[in-house]
1. Efficiency by 1/(1 + (r/R0)^6): what FRET value for Leu93 and Cys70, r their Cβ-Cβ distance, R0 = 22 Å, to the nearest 0.05?
2. How much length would be gained if the chain were fully extended between Arg114 and Gln84, taking 0.36 nm per residue of separation minus their Cα-Cα distance, in nm to one decimal?
3. Which semi-axis lengths, in whole Å and largest first, follow from the square roots of five times the eigenvalues of the Cα gyration tensor of the range 70-139?
4. Explain nothing, just compute: Karplus ³J(HN,Hα) = 6.51 cos²θ - 1.76 cosθ + 1.60, θ = phi - 60°, for every residue of the range 67-81 in order, whole Hz, x for Gly and Pro.
5. For Lys26, list the lysines whose Cα falls under 24 Å from its own Cα; do not include residues on the same chain fewer than 8 positions away.
6. In the full protein assembly as shown, how much of Val80 is accessible to a 1.4 Å probe, in Å² to the nearest 10?
7. Sort Tyr25, Tyr116 by accessible area with a 1.4 Å probe, largest first.
8. Could you pull out every residue, at least 5 positions away or on a different chain, whose amide H is within less than 5 Å of the one on Val80? Hs are placed 1.01 Å off N in the peptide plane, and Pro or chain starts have none.
Amino acid sequence: LHNGRDLIMVCTNGGGRGSAQHWDYKTLMLSSVFSVAPAGNGLHSFRLAEAIFFGSIPVIVDDEVTLPFCSVLDWRRFSVRIRQSQVSQLPQLLRAIPPAEVARMQTRLAEVKRKYFLFPFNTAMAILHLRVREAQRAAAKGDGGGGGGGGGG
């Protein structure tokens, strides 16, 4: 999606030839306010990472995806999540977001990119250390720390 004037949806016709071939992908992504991140084959789509790195608010199209760092990030603050059944309403849904909210989402997206996604291994390790400290504090308070209960993951 692109919002230089209104919006562009680039679709391919199965043969890899898109209706908007004259657009340079990197330029298009850098100038997009929103970018669709449909479901991928794994935990999430590489389009999600592309949107984040290009600074475009991700529009996550998946009913059940588990998002990266979801235990520490409130994705609603810097992304839009829709169900697959809402795709046809996407232009209206995005236009309904007030400009001030879009600006807040863009600011938060830049913070999240810098803090969590530029060095994801470091982020994963920091979250692991945080969880260990939380468990140690709980054990020190007498909560037992017996490990029962959390399946984790």
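The values are calculated or read from the model by the stated rules, or taken from the named source; none is laboratory data. Quick caveat, the model's predicted, so the values are computed rather than measured. Quick reminder, even Gly has a Cβ in these numbers, built from the backbone with ideal geometry, and neighbours come from all protein chains shown. Just so you know, the surface numbers come from the protein's heavy atoms only, side chains and all, with ligands and any DNA or RNA stripped out. Shrake-Rupley method; radii C 1.70, N 1.55, O 1.52, S 1.80 Å.
1. Details: r = 22 Å, r/R0 = 0.99.
In this case the efficiency is close to 0.50.
2. Numbers: separation 30, 0.36 × 30 = 10.80 nm, distance 2.92 nm.
My answer for the length gained is 7.9 nm.
3. Numbers: eigenvalues 206, 41, 25 Å².
Gyration-tensor ellipsoid for the range 70-139: 32, 14, 11 Å.
4. 8, x, 6, 5, 6, 10, 10, 9, 4, 5, 7, 9, 8, 10, 10
5. Within the straight-line limit of under 24 Å, Lys26 reaches these lysines: Lys113, Lys115.
6. The accessible area comes out at roughly 20 Å².
7. Values: Tyr25 95, Tyr116 30 Å².
Sorted descending by solvent-accessible area, the residues read Tyr25, Tyr116.
8. The list, which skips near neighbours in sequence, is Val59, Ile60.
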